[in-house]
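Inspection log for the structure reproduced underneath, given as structure tokens.
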Amino acid sequence: MNKKLLFIIFLTIAFFSCKHEYTPKPPGYMRIDFPKKEYQHYSNNSPYRFDFPTYAKIELDKEKNSEAFWINIVFPKLNGKIYISYKEINNNLSKYIEDSRKFAYKHTVKADAINEKIYYNKEKNVYGILYDIKGNTASNIQFFLTDSTTHFLRGALYFNARPNKDSLAPVVKFIRTDILNLIETFEWVDKQKSN
């Protein structure tokens, strides 16, 4: 009987000692293999030209409200798109700048911060502002470029995914360098001089 009692006690202790405490694990995200940074030139009879990545493609904007020279820079493998709109200035530069600011600051509700970086290239006559929008926002980067007299271009990066700053952060950082390259290589095309 002592052996049976010892065996039951041993089994009871063994059974209860094997219980593991549950430790919550943080969510994991898929690993993203980024392509090599290489750029190609875009002009396509537009009033502007710039360099864009070889792993992206440019599509004409076919929305019903789109206008001449509106394009989208599509990143198929990264599920993102930069919407580019172009306007000619007719004494309405301040309206376009204010509209761009309003579009960027519409994300204030979800944004942790919005940082502005001013661009100024007197040699190429290109001036603008880049808006870095931090947080779980629909658009993480927006910008505009102008020559302040004739041309105005606005861009906004969106992803075809639910906003999640943790999972999108590496992709936003990767595409941000492409946007900076676009801005730094950007030039206005004077149709009279190019003819």
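The values are calculated or read from the model by the stated rules, or taken from the named source; none is laboratory data. Keep in mind that this is a model prediction, so the values were computed, not measured. Every residue, glycine as well, gets a Cβ built from its backbone with ideal geometry; the counts of neighbours run over all protein chains shown.
Taking the conditions exactly as written (hydrophobic (A, V, I, L, M, F, W, C) and farther than 30 Å from R31 by Cα), does L145 satisfy them or not? Quick ask: steps written out before the conclusion?
Values: hydrophobic (A, V, I, L, M, F, W, C): yes; farther than 30 Å from R31 by Cα: yes.
For L145, the condition - hydrophobic (A, V, I, L, M, F, W, C) and farther than 30 Å from R31 by Cα - is met.
Rundown of residues vs (1) assigned to a strand (DSSP E or B); (2) modelled with pLDDT under 95; (3) among the β-branched types (V, I, T), yes/no style:
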| site | (1), (2), (3) |
| --- | --- |
| E98 | no, no, no |
| L153 | yes, no, no |
| A169 | no, yes, no |
| V172 | no, yes, yes |
Please specify each residue of the range 43-96 satisfying the condition of being at pLDDT below 95, more than 21 Å from N140 (Cα to Cα) and basic (K, R). K62, K64
Note on the range 137-151: residues in contact with a helix residue (DSSP H, G or I) (Cβ under 9 Å, 6 or more places away or on another chain), more than 19 Å from P76 (Cα to Cα) and not in a strand (DSSP E or B) are T137, S148, T149
Checked the range 50-95 for anything more than 19 Å from V171 (Cα to Cα), touching a residue at least 12 places away in the same chain (Cβ under 8 Å) and of a type in the set (K, R); matches are K87
Restricting the first residue to the range 169-192 and requiring it to be over 18 Å from S148 (Cα atoms) and in contact (Cβ under 8 Å) with a residue 12 or more places away in the chain, which pairs with a second residue that is surrounded by 15 or more Cβ atoms within 10 Å (Cβ to Cβ) and polar (S, T, N, Q) meet a Cβ separation below 6 Å and a spacing of at least six or different chains? V172/N140
Condition test on L157, is it in contact with a helix residue (DSSP H, G or I) (Cβ under 8 Å, 6 or more places away or on another chain) and either within 13 Å of L78 (Cα to Cα) or touching a residue at least 40 places away in the same chain (Cβ under 8 Å) (or both)? yes
In the set K106, K124, K95, K117, the lone residue that is surrounded by fewer than 17 Cβ atoms within 10 Å (Cβ to Cβ), under 18 Å from the mean Cα position of the chain (by Cα) and under 25 Å from E67 (Cβ atoms) is K106
Restricted to the range 55-92, and to residues that are of a type in the set (V, I, T) and touching a Ser or Thr at 6+ places or on another chain (Cβ under 9 Å), which residue is surrounded by the fewest Cβ atoms within 10 Å (Cβ to Cβ)? I89
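Out of I133, I175, I129, I need the residue that is under 21 Å from K102 (Cα atoms) and buried (at least 20 other Cβ atoms within 10 Å of the Cβ). Which one?
When all the criteria are applied, what remains is I133.
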How many residues of the range 100-132 are touching an Asp or Glu at 6+ places or on another chain (Cβ under 9 Å), farther than 23 Å from D51 by Cβ and not in a helix (DSSP H, G or I)? The answer is 4
